[in-house]
Amino acid sequence: MRALTVEPLKAGSAEVREVPDPEPGPGELLVEGLALGICGTDHEIIDGQYGWAPPGRDRLVLGHESLGRVRTAPPDSGFAPGDLVVGVVRRPDPVPCGACAHGEFDMCRNGGYTERGIKQIDGYGSQLWSVEKDYAVKLDPRLEQAGMLMEPASVVAKAWDQVERVGSRSWFEPQRVLVTGAGPIGLLAALLGVQRGLDVHVVDLAAEGPKRSAVQALGAHYHSSAVGDVTGQLNPDIIIEATGVPDVVFAAIAGTAPYGIVCLTGVSTVGRKTRVDLGAANREMVLENDVVVGSVNANLSHYDAAAQALARADLDWLSQLITRRVPLDRFEQALQSRPDDIKVVLELTQ
Ligand code: BGC
């Protein structure tokens, strides 16, 4: 079978290669890969900036935004041939740390976790893959076209979970949320905000195009002016930051209403310096009981929440987020960013 492979930390090493078919172990499903979403982390790995091969190997099978169809499943696994599934990304560290021991591997404390397609375990960018039944999540069969949005949706479900947990430390009835960045994470964060009945606003650099249409189709508000101007005008209770761009991050931190919560989800490029008035930001955070919380990855409860959110979403809206579908062998085209891209997907069956 063919798989998208890469030598981590070596730019330009990504190649589609012939690799042995997986042999599912006891308790594992064999899955036919249908599609794979490509995200910023994949770009970083391909650019040689991130990623770890499995121990003793040079190359890693890439891909963590999976979508597949079960070919074989162990009896009593709860899965059957034909089921639409995604695989969970992270596995607990082997020690395990307290968080991993409690099923909260998304909160791993010792950094010894592994991640499919990212850190030490092969990913889902292959025509067949196997997955432990406990790390497979069944999807609504209607999600055949858009189910690869499940992994980013799980990251967003976790971000919302963090916001709600932080908010619940005192009286909390948020009205207005601002999402910074209208990529897949930002748009899915907006969807989950609308599903919560909030007044949702999204700010992005693109003035026109599919991002604006996607936000408006949700019944949310789109802004393309400077983030500081938008926060000044809206005074949001919650900001979900989905760009990782330092100036935007800082504008978000400085831009909430009292008791504001900023949830950071974007992994920034390091080494770009910017001058900020941290004293002013600290003063405001203290005097307003503001919180800034970082959020990464997702555990099984967040996959469940994401599956429910996607099942409730309008299918045409979800499909609108997938702006290009590229056959596996032409993966290089998928990696060339175009201005109107939201989510680019590799088709694994072609
Ligand atoms: C993935 C997460 C992962 C993180 C760090 C993100 O792109 O969506 O699941 O934990 O990268 O490796």
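The values are calculated or read from the model by the stated rules, or taken from the named source; none is laboratory data. Just so it is clear, the model here is predicted, and its values are computed rather than measured. Methodologically, a virtual Cβ is constructed for each residue, glycine included, from the backbone with ideal geometry; neighbour enumeration extends over all protein chains shown. When the accessible area is computed, the model is the full protein with side chains, heavy atoms only, and any ligands, DNA or RNA have been set aside. Shrake-Rupley method; radii C 1.70, N 1.55, O 1.52, S 1.80 Å.
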> Counting Lys and Arg as +1 and Asp and Glu as -1, what is the net charge of the other residues whose Cβ lies under 12 Å from the Cβ of Arg324?
Replying inline: +1
> How large is the helix-only mean residue ellipticity at 222 nm for the chain, computed as the sum of -39500 (n - 2.57) over DSSP H runs with n ≥ 4, divided by its residue count, in deg cm²/dmol to the nearest 500?
Replying inline: -8000 deg cm²/dmol
> Given 5 Å bins starting at zero, what is the percent of C-alpha pairs of segment 149-222 in each, up to the one with the largest pair distance?
Replying inline: 3, 17, 27, 24, 16, 8, 3, 1
>> For a quick check: with amide H placed at 1.01 Å from N, whose amide H comes under 5 Å from Ala146's, ignoring anything fewer than 5 positions away on the same chain?
In response: none
> Pairs of lysine in the chain with Cα under 23 Å and at least 8 positions apart or on different chains: total?
Replying inline: 10
> How many angstrom lie between the C-alpha centres of segment 1-79 and segment 176-237?
Replying inline: 33
>> Using only the alpha-carbon atoms, how far is helix 150-167 inclined from the longest principal axis of the chain? Give it as 0 to 90 degrees, nearest 10.
In response: 40
> Along segment 338-344, what does the Karplus equation 6.51 cos²θ - 1.76 cosθ + 1.60 (θ = phi - 60°) give for ³J(HN,Hα), rounded to whole Hz, x for Gly and Pro?
Replying inline: 10, x, 8, 5, 10, 10, 9
> What does the accessible area per residue of segment 154-294 come to in Å², with a 1.4 Å probe and no ligands, DNA or RNA counted?
Replying inline: 46
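Determine the sum of side-chain charges near Leu178: Lys and Arg each +1, Asp and Glu each -1, restricted to other residues whose C-beta is under 12 angstrom from that of Leu178.
-4
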> For segment 288-350 and segment 85-151, what is the separation of their C-alpha centers, rounded to whole Å?
Replying inline: 15
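Starting from the alpha-carbon convex hull of the chain, give the projected area averaged over all orientations, in nm².
It is 17.6 nm².
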> Taking Cα atoms, how many degrees apart are the long axis of helix 278-288 and the longest axis of the chain, rounded to 10 and kept between 0 and 90?
Replying inline: 80
> In degrees, nearest 10, range 0 to 90: what is the angle between the Cα axis of helix 300-312 and the longest Cα principal axis of the chain?
Replying inline: 80
>> Of all beta bridges DSSP finds with both residues in the chain, what is the antiparallel percent, to the nearest 5?
In response: 50
>> Using each residue's phi in segment 270-275, evaluate 6.51 cos²θ - 1.76 cosθ + 1.60 at θ = phi - 60° and report the 3J(HN,Hα) Karplus result to the nearest Hz, with x for Gly and Pro.
In response: 8, x, 8, 8, 9, 9
> Is the shape of segment 92-166 best called rounded, prolate or oblate, per the rule: a/c under 1.5 gives rounded, else a/b larger than b/c gives prolate, else oblate, with a ≥ b ≥ c the square roots of the Cα gyration tensor eigenvalues?
Replying inline: oblate
>> Please report the net charge: other residues with Cβ closer than 13 Å to the Cβ of Val292, K and R +1, D and E -1.
In response: -4
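Could you grab the relative contact order for the chain? Cα pairs under 8 Å, six or more apart, rounded to a whole percent.
This gives 18 percent for the chain.
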>> Please report the antiparallel percentage of the DSSP beta bridges confined to segment 35-123, to the nearest 5.
In response: 70
